[in-house]
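**Student:** Mind having a look at this structure? Questions to follow.
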Amino acid sequence: MPQTVSFGSQGPDVKTLQTKLNQIPPSQLPPLVANGIFGHKTLARVKEFQAKNSLVADGVAGPKTWDKLLASKQIIPAHNEFLCENADKENLSGAALVQQQFNAAKVQAPKPKIKFGVRSSSIGAPAGATAFSLAESGPFRFLTETQKNTAKTVYGNSLDFSRIFISNKSGLGGRAFTVAFKDSNEVVQIINCGKFDPSDRLLIHELAHVWQSQHHSDPFQFMKSAVDCQAGALTVNAAEVFSDPDVLLHSEHPVNFPFSAYAYLPGLSLASYGAEQMAQACHKGEAAVRAHIKGVAMNALDPDNVKAMKLTAFADRRMTGIVI
Ligand SMILES: [Zn+2]
């Protein structure tokens, strides 16, 4: 049993207290920084916990409070969602393969079914100069009108559909992934969703990566960012074993548990989210993120996106309020 701690206390028992308080629902108060210093925010959380558990709400974590706290069941958000493959290192080699297949498909496009995709002139090339043939039944297609309309409900007019293709390819374990590469004198984005008619939420998630590409000075940065975030989570998760051996029991340790590049704390601004967090926030309907995204003009550079793509961001799934 940890020692009795109260306002002003410091040390490992306070850190344990803060960590446990972060792991049990529900709280109206923001998560605590587990820094081992018992300040006003920790005091408020202790009092809240005591009141909810029929204890004397004096803010002093003594034996009775510890008993209840240590016996409280953690609520860990399960991920029953798809996780796209962009955060996996393998995605980077997958990107090269998709590019090869894209080039091959252009050469092999059957003549009778050719449809011409004429690029917008906003990239700087004369209209039509970068037009290329695209079979309607080919392996890389433009989004359908229905898909574009679905996309517009989230992205408004911020996506340049003339550079976006969908394929029925998928990555490891059948997971979706989005790649960008240079084709002739412009950058194209390809969402690989395993099929040509993905669910709306998968479509919205992958299009978030397209958005990250189209509104950045380096249109390939989103791929590196997603990988960096997962690598960061992996490192922290490996170290977490020493303070919480139970994490070893979780099926998603060490890649996605307890820290995950896909998990995020709701309510933050777009610039606070890493590549996968932002994509999750988009398809889950985070208001601030969606409002920001809609407000960016087609093909315009977005400084907040540039900031976000510099982050090595991940969140602790054991914390109350975290979404994955
Ligand atoms: Zn993703």
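The values are calculated or read from the model by the stated rules, or taken from the named source; none is laboratory data. Because the structure is a prediction, the values reported are computed rather than measured. Methodologically, a virtual Cβ is constructed for each residue, glycine included, from the backbone with ideal geometry; neighbour enumeration extends over all protein chains shown. Note: areas computed on protein heavy atoms with side chains; ligands, DNA, RNA excluded. Shrake-Rupley method; radii C 1.70, N 1.55, O 1.52, S 1.80 Å.
**Student:** Identify all residues within the stretch 197-224 that are open to solvent by 20 Å² or more (accessible area, probe 1.4 Å) and either in the same structural domain as Ala281 (by TED's automatic domain parsing) or farther than 17 Å from Lys169 by Cβ (or both); write none if there are none. Show your work before the answer.
**Tutor:** First pass over the stretch 197-224, keeping only residues open to solvent by 20 Å² or more (accessible area, probe 1.4 Å): 197, 199-202, 216-221, 224.
Scanning the stretch 197-224 gives Asp200, Arg201, His216, Ser217, Asp218, Pro219, Phe220, Gln221, Lys224.
**Student:** Quick check on the stretch 144-176: of everything there that is among the aromatic types (Phe, Trp, Tyr) and within 24 Å of Val98 (Cα to Cα), which residue is surrounded by the most Cβ atoms within 10 Å (Cβ to Cβ)? If you could, list the steps in order and put the result at the bottom.
**Tutor:** The initial filter retains those residues of the stretch 144-176 that are among the aromatic types (Phe, Trp, Tyr), namely 155, 161, 165.
In the following step, the residues that additionally are within 24 Å of Val98 (Cα to Cα) were identified as 161, 165.
Numbers: Phe161: 20, Phe165: 23.
If we take residues in the stretch 144-176 being among the aromatic types (Phe, Trp, Tyr) and within 24 Å of Val98 (Cα to Cα), then Phe165 is surrounded by the most Cβ atoms within 10 Å (Cβ to Cβ).
**Student:** Which condition from (1) under 21 Å from Ala87 (Cα atoms); (2) modelled with pLDDT under 95 is the one that Val241 breaks?
**Tutor:** Just one mismatch for Val241, condition (1).
**Student:** Sort out which residues of the stretch 235-248 are within 24 Å of the chain's Cα centre (by Cα) and open to solvent by 70 Å² or more (accessible area, probe 1.4 Å), and write them in order of number.
**Tutor:** Thr235, Leu248
**Student:** Inspect all residues belonging to the stretch 276-285 and state whether any of them is part of a loop (DSSP other than H, G, I, E, B), in contact with a strand residue (DSSP E or B) (Cβ under 6 Å, 6 or more places away or on another chain), open to solvent by less than 20 Å² (accessible area, probe 1.4 Å) and within 27 Å of Lys20 (Cβ to Cβ). Even if it seems obvious, please write down each step before you answer.
**Tutor:** Of the stretch 276-285, the ones part of a loop (DSSP other than H, G, I, E, B) are 285.
Subset that is in contact with a strand residue (DSSP E or B) (Cβ under 6 Å, 6 or more places away or on another chain): none.
No, because not a single residue in the stretch 276-285 is part of a loop (DSSP other than H, G, I, E, B), in contact with a strand residue (DSSP E or B) (Cβ under 6 Å, 6 or more places away or on another chain), open to solvent by less than 20 Å² (accessible area, probe 1.4 Å) and within 27 Å of Lys20 (Cβ to Cβ).
**Student:** Quick check on my filter: what residues within the stretch 20-35 are open to solvent by less than 40 Å² (accessible area, probe 1.4 Å) and out of contact with any helix residue (DSSP H, G or I) (no Cβ under 7 Å at 6 or more places or on another chain)?
**Tutor:** Asn22, Gln23, Ile24
**Student:** While we're on this one: For the stretch 177-196, does any single residue satisfy the condition of being part of a helix (DSSP H, G or I) and open to solvent by 20 Å² or more (accessible area, probe 1.4 Å)? Explain how you work it out, then say what you get.
**Tutor:** Pass one, the stretch 177-196, residues part of a helix (DSSP H, G or I): none.
No - not one qualifying residue is present in the stretch 177-196.
**Student:** Restricted to the stretch 77-91, and to residues that are in a loop (DSSP other than H, G, I, E, B), at pLDDT 80 or above and more than 17 Å from Ala315 (Cβ to Cβ), which residue is farthest from the ligand (Cβ to nearest atom)?
**Tutor:** At the first step, the residues of the stretch 77-91 found to be in a loop (DSSP other than H, G, I, E, B) are 77-84, 88-89.
With at pLDDT 80 or above added as a condition, the list becomes 83-84, 88-89.
With more than 17 Å from Ala315 (Cβ to Cβ) added as a condition, the list becomes 88-89.
Numbers: Asp88: 10, Lys89: 14 Å.
Here the answer is Lys89.
**Student:** Can you tell me which of Leu207, Leu203 is within 11 Å of the ligand (Cβ to nearest atom), touching a residue at least 12 places away in the same chain (Cβ under 8 Å), of a type in the set (A, V, I, L, M, F, W, C) and not in a loop (DSSP other than H, G, I, E, B)?
**Tutor:** Working: Leu203 fails: within 11 Å of the ligand (Cβ to nearest atom).
Step by step, each of Leu207, Leu203 is checked, and only Leu207 is within 11 Å of the ligand (Cβ to nearest atom), touching a residue at least 12 places away in the same chain (Cβ under 8 Å), of a type in the set (A, V, I, L, M, F, W, C) and not in a loop (DSSP other than H, G, I, E, B).
**Student:** Can you find a residue that is outside any helix (DSSP H, G or I), more than 16 Å from the ligand (Cβ to nearest atom) and of a type in the set (Asp, Glu) anywhere in the stretch 312-319? First the steps, then the outcome.
**Tutor:** We begin by selecting, within the stretch 312-319, every residue outside any helix (DSSP H, G or I); these are 312-319.
Filter once more, so that each one left must be more than 16 Å from the ligand (Cβ to nearest atom): 316-319.
Keeping just the survivors that are of a type in the set (Asp, Glu) gives 316.
Yes, the stretch 312-319 contains at least one residue that is outside any helix (DSSP H, G or I), more than 16 Å from the ligand (Cβ to nearest atom) and of a type in the set (Asp, Glu).
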